[in-house]
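Visitor: First the structure, then my questions, so here it is.
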Amino acid sequence: MAEPDEPLKTDDANKWRWILSSGWHGRCPRCGEGHMFASWLKVTERCDACGLDYRFAAPDDGPAFFSLCIIAFPLAFVIVWLEVMFDPPIWVHLFTSVPIMLFGCLLPLRPIKGWLVASQYVNRAQEAGTQGLWAKLHGSDASRSEFDQ
């Protein structure tokens, strides 16, 4: 694991593994020990182990978008196939298709959000030209990156 005050220094393969591991387990992308989430989808304010400030984390609608594109879209084809091939009564869809869609789309939201937050930290992703504005809004040092404070 990386020390709390030094940025993660790895090659691309290790960076990718680190992002997937910390995001999947909901662990801090800096130290790998603290919790990333305060509740199911709410990102905590600070890491309880190394003190990483999560104000940089802005996954916004990314988890929902990826869940819909990667999971819901193919599942819709499966449900349509079920309807076309077997023409089941509506209660079959109520007890099979609806739960499959709900669980299939909701369960992956947390790991996807964790991956996006970890990716933002590891790749130091932020909007171009916003470092000064962030420092002013959060009362932090403008000469240091938000990822290091």
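Visitor: Can we say Arg27 is at pLDDT 90 or above, exposed (fewer than 14 other Cβ atoms within 10 Å of the Cβ) and of a type in the set (Lys, Arg)?
Guide: No, not satisfied.
Visitor: Could you grab the pairs with beta carbons closer than 8 Å, sequence gap of 6+ or different chains, first residue in the stretch 73-102 and among the polar types (S, T, N, Q), second one surrounded by 13 or more Cβ atoms within 10 Å (Cβ to Cβ) and assigned to a helix (DSSP H, G or I)?
Guide: Filtered contacts from the stretch 73-102: Thr96/Leu82; Ser97/Ile79; Ser97/Leu82.
Visitor: Applying the selection to the stretch 67-101, what residues are polar (S, T, N, Q) and over 26 Å from Leu116 (Cβ atoms)?
Guide: Matches in the stretch 67-101: Thr96, Ser97.
Visitor: Determine the pairs where a residue that is within 14 Å of Asp53 (Cα to Cα), located within the stretch 22-39, has a partner that is outside any loop (DSSP other than H, G, I, E, B) and of a type in the set (Val, Ile, Thr) with Cβ atoms under 7 Å apart, the partner being 6 or more residues away or on another chain.
Guide: Pro29/Val117; Pro29/Val122; Met36/Val43; Met36/Val117; Phe37/Val43
Visitor: With (1) modelled with pLDDT of 95 or more; (2) under 25 Å from the mean Cα position of the chain (by Cα) as the list, and Met85 as the residue in question, which single condition is left unmet?
Guide: (2)
Visitor: If you check Val43 against the conditions, is it at pLDDT 95 or above and farther than 22 Å from Arg124 by Cα?
Guide: no
Visitor: Out of contact with any Lys or Arg (no Cβ under 6 Å at 6 or more places or on another chain) and farther than 16 Å from Trp115 by Cβ: is that true of Trp16 in this structure? Let's see the steps before the verdict.
Guide: On the way: out of contact with any Lys or Arg (no Cβ under 6 Å at 6 or more places or on another chain): yes; farther than 16 Å from Trp115 by Cβ: no.
Criteria not met by Trp16.
Visitor: Filtering the stretch 96-149 down to residues that are modelled with pLDDT of 75 or more and in contact with a strand residue (DSSP E or B) (Cβ under 8 Å, 6 or more places away or on another chain), which residue is farthest from Val80 (Cα to Cα)?
Guide: The extreme case among them is Val117.
Visitor: For residues in the stretch 46-61 being charged (D, E, K, R) and free of Cβ contacts under 8 Å to residues at least 40 places away in the same chain, which is nearest to Tyr121 (Cα to Cα)?
Guide: Let us first name the residues in the stretch 46-61 that are charged (D, E, K, R), namely 46, 48, 53, 55, 60-61.
Adding the requirement that they be free of Cβ contacts under 8 Å to residues at least 40 places away in the same chain leaves 46, 48, 60-61.
Working: Arg46: 13, Asp48: 16, Asp60: 15, Asp61: 17 Å.
Going through the qualifying residues, I end up with Arg46.
Visitor: How about the stretch 38-65: which of its residues are closer than 15 Å to Leu107 by Cα and surrounded by fewer than 18 Cβ atoms within 10 Å (Cβ to Cβ)?
Guide: Ser39, Trp40, Leu41, Lys42, Gly62, Ala64, Phe65
Visitor: Let me ask something else. Would you mention how many residues in the stretch 67-84 are among the aromatic types (Phe, Trp, Tyr) and within 12 Å of Ser97 (Cα to Cα)? It would help to see each step written out before you state the result.
Guide: In the first step, residues of the stretch 67-84 are kept if they are among the aromatic types (Phe, Trp, Tyr); the result is 73, 77, 81.
Then keep just the ones that are within 12 Å of Ser97 (Cα to Cα); that gives 77, 81.
Selection size over the stretch 67-84: 2.
Visitor: For the stretch 15-33, which positions are in contact with a Ser or Thr (Cβ under 8 Å, 6 or more places away or on another chain) and on the phi < 0 side of the Ramachandran plot?
Guide: Trp18, Ile19, Gly23, Arg27, Cys28, Pro29
Visitor: Right, Ser97: more than 30 Å from Gly32 (Cα to Cα) and buried (at least 16 other Cβ atoms within 10 Å of the Cβ) or not? Spell out how you get there, then give the answer.
Guide: Working: more than 30 Å from Gly32 (Cα to Cα): yes; buried (at least 16 other Cβ atoms within 10 Å of the Cβ): yes.
It is true that Ser97 is more than 30 Å from Gly32 (Cα to Cα) and buried (at least 16 other Cβ atoms within 10 Å of the Cβ).
The values are calculated or read from the model by the stated rules, or taken from the named source; none is laboratory data. Remember, predicted model here, so these are calculated numbers, not experimental data. So basically every Cβ, Gly included, is an ideal-geometry build from the backbone, and we count neighbours across all protein chains shown.
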